[in-house]
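Structure first, then comments.
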Amino acid sequence: MKLASLKRGGRDGTLVVVDRDLIRCQSVPAVARTLQQALDDWEAVAPQLAEVYAALNNGHARHAEPFDPAACHAPLPRAFQWADGSAYLNHVALVRKARGAQMPASFATDPLLYQGGSDGFIGPCAAIVADPAWGIDFEAEVAVVTGDVAMGATPAEAAAAIRLVMLVNDVSLRHLIPDELAKGFGFFQSKPASSFSPVAVTPDALGAAWHDARLHLPLLVTLNGAPFGRPDAGVDMAFDFGQLIAHAARTRALAAGSIVGSGTVSNRQGDLWGSSIAHGGVGYCCLAELRMYETIEQGAPVTPFMQPGDRVRIEMRDAVGHSIFGAIDNTVAAFARETGG
């Protein structure tokens with residue numbers, strides 16, 4: 001089934017069940033007012049939500065309304081936890097090379113995770129507000145939402161706790177990252193609010209595309225209307241979501257509603273000139289990778305980071321071309337601090 005949160009009913013939104021084709025939706029106040037409430041009592045609530053989903057798809061829903069992605073919050077407008085991994089080692093190697101850092105051998109056996117800000121996300125169609133001097137970049141990823149996960153859970157137990165799958169734009173401020181990491185204390189200012197897809201989807205609704213705790217479909221990215229990336233999210237993912245969640249739960253339990261990201265989707269591309277879509281490759285899910293390839297191929301990066309007015313769209317389609325999660329569609333707006341008059 002497919003779930004979303006509309007921008008009404010308070011800061012946590014109103015939970016709606018969305019039909020398969022993202023055309024209609026229905027609120028379910030008698031079942032759960034918010035997505036977090038549903039996750040807190042998932043075993044009891046999920047079957048009731050599934051009944052509404054079936055009715056929507058069969059045309060039998062009594063209180064359906066048109067579904068508008070622009071009217072959506074993130075599926076979880078705020079979350080108890082947002083931990084983002086970096087499971088695609090090709091991306092890790094490239095961005096580290098861009099700032100002159102080597103990739104330790106342990107990265108191939110020990111997952112990377114950072115804890116992001118989860119007190120508020122931006123909507124799927126909201127603006128990215130930032131100073132262009134900060135080096136604004138998008139990062140297209142897959143993310144999962146968990147139920148409760150016990151401390152010390154195995155990867156198999158962690159994978160069984162996955163309740164929902166969605167897409168994420170993990171916005172990065174590239175020019176702030178080197179100095180921040182040099183302090184040895186991790187990301188903070190360089191990782192502003194992330195944006196999630198309008199809709200979160202249960203793994204069973206993904207069919208054969210979901211197996212081995214990975215999502216095996218191309219992640220489609222366009223920048224200012226032009227194709228930018230289409231790497232397969234199931235390829236070159238060194239750690240599956242069960243492993244990432246288990247890593248997060250090694251020393252702590254995770255509460256229902258925790259979000260865990262895959263990290264920027266990235267496929268290995270041996271022929272550097274074939275790396276971009278224009279040259280026959282699968283392209284990229286962030287600007288930093290393109291800039292690194294440009295440095296390798298041409299001696300210096302050519303493509304700038306995002307500027308005010310630039311627009312990134314992130315989406316995933318099923319085998320017949322239907323949008324699965326709806327699109328993340330973010331445009332950059334310059335940050336201007338308000339001052340009193």
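Quick notes on this one:
- Single residue of the range 293-307 satisfying the filter (over 22 Å from the mean Cα position of the chain (by Cα) and outside any helix (DSSP H, G or I)) that is nearest to Trp82 (Cα to Cα): Pro304
- Checked against the criterion of being part of a loop (DSSP other than H, G, I, E, B), surrounded by 15 or more Cβ atoms within 10 Å (Cβ to Cβ) and either out of contact with any Leu (no Cβ under 7 Å at 6 or more places or on another chain) or on the phi < 0 side of the Ramachandran plot (or both), the candidates Arg62, Arg96, Arg78 yield just one match: Arg78.
- Residue check for Arg230: surrounded by 16 or more Cβ atoms within 10 Å (Cβ to Cβ), at pLDDT below 95 and under 22 Å from Asn330 (Cβ atoms): no
- Leu206 fulfils the conditions (1) surrounded by 15 or more Cβ atoms within 10 Å (Cβ to Cβ); (2) within 30 Å of Glu43 (Cα to Cα); (3) free of Cβ contacts under 8 Å to residues at least 60 places away in the same chain except for a single criterion, (3).
- Extreme residue, farthest from the chain's Cα centre (by Cα), among residues of the range 259-292 that are crowded, with 21+ Cβ neighbours inside 10 Å and of a type in the set (D, E, K, R): Arg291
- The requirement of being over 24 Å from Ala50 (Cα atoms), open to solvent by less than 10 Å² (accessible area, probe 1.4 Å) and within 18 Å of the chain's Cα centre (by Cα) is not satisfied by Val144.
- A search for C-beta distances below 8 Å between a residue of the range 3-23 that is among the hydrophobic types (A, V, I, L, M, F, W, C) and modelled with pLDDT under 95 and any residue that is surrounded by 20 or more Cβ atoms within 10 Å (Cβ to Cβ) and assigned to a strand (DSSP E or B), counting only pairs 6+ apart in sequence or on different chains, returns nothing.
- Within the range 327-338, the residues that satisfy the criterion of being of a type in the set (A, V, I, L, M) and either open to solvent by less than 20 Å² (accessible area, probe 1.4 Å) or assigned to a helix (DSSP H, G or I) (or both) are Ala327, Ile328, Val332.
- Flag set for Arg11, criterion: out of contact with any strand residue (DSSP E or B) (no Cβ under 9 Å at 6 or more places or on another chain), assigned to a loop (DSSP other than H, G, I, E, B) and charged (D, E, K, R).
- Residue, farthest from Cys72 (Cα to Cα), within the range 293-326, restricted to residues that are surrounded by 22 or more Cβ atoms within 10 Å (Cβ to Cβ) and among the hydrophobic types (A, V, I, L, M, F, W, C): Phe305
- The lone criterion from (1) open to solvent by 40 Å² or more (accessible area, probe 1.4 Å); (2) farther than 20 Å from Arg311 by Cβ; (3) of a type in the set (Val, Ile, Thr) left unmet by Val129 is number (2).
- The range 10-36, subset within 25 Å of Ile122 (Cβ to Cβ) and exposed (fewer than 15 other Cβ atoms within 10 Å of the Cβ), residue nearest to the chain's Cα centre (by Cα): Arg11
- Condition check for Ala54: outside any helix (DSSP H, G or I) and either in contact with a Gly (Cβ under 7 Å, 6 or more places away or on another chain) or open to solvent by 20 Å² or more (accessible area, probe 1.4 Å) (or both): no
The values are calculated or read from the model by the stated rules, or taken from the named source; none is laboratory data. Computed from a prediction, not measured in an experiment: that's the story for all the values here. In this analysis, Cβ positions are derived from the backbone assuming ideal geometry, glycine residues included, and neighbour counts consider all displayed protein chains. What goes into the accessible areas is simple: the full protein's heavy atoms, side chains included, and nothing from ligands, DNA or RNA. Shrake-Rupley method; radii C 1.70, N 1.55, O 1.52, S 1.80 Å.
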